[in-house]
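The values are calculated or read from the model by the stated rules, or taken from the named source; none is laboratory data. These numbers come from a predicted model, not from an experiment. When we count neighbours, we look across all protein chains shown, and the Cβ atoms used for this are built from the backbone with ideal geometry, even at glycine.
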Amino acid sequence: MKYSSKIYAQALFLALANVSKSGQQAIIDRLAKMLLQSSRQELLPEIERELASLEELEKGQGILHITFARTGLDEKTVKRKLEPVFGKRTTKVHIDNSILGGVIAETDEGKRLDASLARALKQLKMELIS
């Protein structure tokens with residue numbers, strides 16, 4: 001059975017609780033080896049993202065994921081403009097060329113603001129069709 005990155009992250013989060021740093025590293029190494037052997041190592045970045053989200057939620061503060069179409073944008077300004085909507089949060093920046101431009105911000109709790117060019121073009125297409 002193939003598990004999602006979210007399931008792996010939840011299992012890893014539980015396995016790492018109350019374990020020494022060296023024990024945690026051994027658990028992480030075993031997971032990485034297992035994923036490599038099953039040719040699923042591409043899940044590692046998403047597992048890391050999910051694990052960070054779980055850790056932040058445990059602290060009582062969720063992560064704000066900010067997605068840009070490219071690097072080089074003023075992340076501090078965007079973060080400051082998003083604070084009134086999402087509050088002060090730890091941010092993780094992601095790059096996704098498929099959004100074409102703009103920004104997408106989302107929390108682990110499901111709150112989402114999509115100001116991407118891809119969404120705007122899709123909406124315009126739908127309006128022109130109807």
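Of (1) small (Gly, Ala, Ser); (2) surrounded by fewer than 16 Cβ atoms within 10 Å (Cβ to Cβ); (3) at pLDDT 85 or above, Gly87 satisfies all except one. Which?
So Gly87 meets the others, but not (3).
How about segment 1-28: which of its residues are outside any helix (DSSP H, G or I) and under 18 Å from the mean Cα position of the chain (by Cα)?
Across segment 1-28, the qualifying residues are Tyr3, Ser4.
If a residue must be out of contact with any helix residue (DSSP H, G or I) (no Cβ under 7 Å at 6 or more places or on another chain) and assigned to a helix (DSSP H, G or I), how many such residues does segment 29-54 contain?
Adding up the residues that qualify gives 12.
Report the residue count in segment 90-120 for those that are among the aliphatic types (A, V, I, L, M) and either on the phi > 0 side of the Ramachandran plot or at pLDDT 95 or above (or both).
Number of matching residues: 1.
Would you pick out the residues in segment 76-96 that are part of a helix (DSSP H, G or I) and more than 16 Å from the chain's Cα centre (by Cα)?
Listed by number, the residues that qualify are Lys76, Thr77, Val78, Arg80, Lys81, Leu82, Glu83, Pro84, Val85.
If the requirement is being assigned to a strand (DSSP E or B), more than 13 Å from the chain's Cα centre (by Cα) and not assigned by TED's automatic domain parsing to the domain that holds Leu16, which of these qualifies: Leu121, Leu113, Leu73?
Values: Leu121 fails: assigned to a strand (DSSP E or B); Leu73 fails: assigned to a strand (DSSP E or B).
Just one listed residue meets the conditions, Leu113.
Would a scan of segment 121-128 turn up a residue that is at pLDDT 85 or above, surrounded by 15 or more Cβ atoms within 10 Å (Cβ to Cβ) and out of contact with any Gly (no Cβ under 6 Å at 6 or more places or on another chain)?
No: segment 121-128 contains no residue that is at pLDDT 85 or above, surrounded by 15 or more Cβ atoms within 10 Å (Cβ to Cβ) and out of contact with any Gly (no Cβ under 6 Å at 6 or more places or on another chain).
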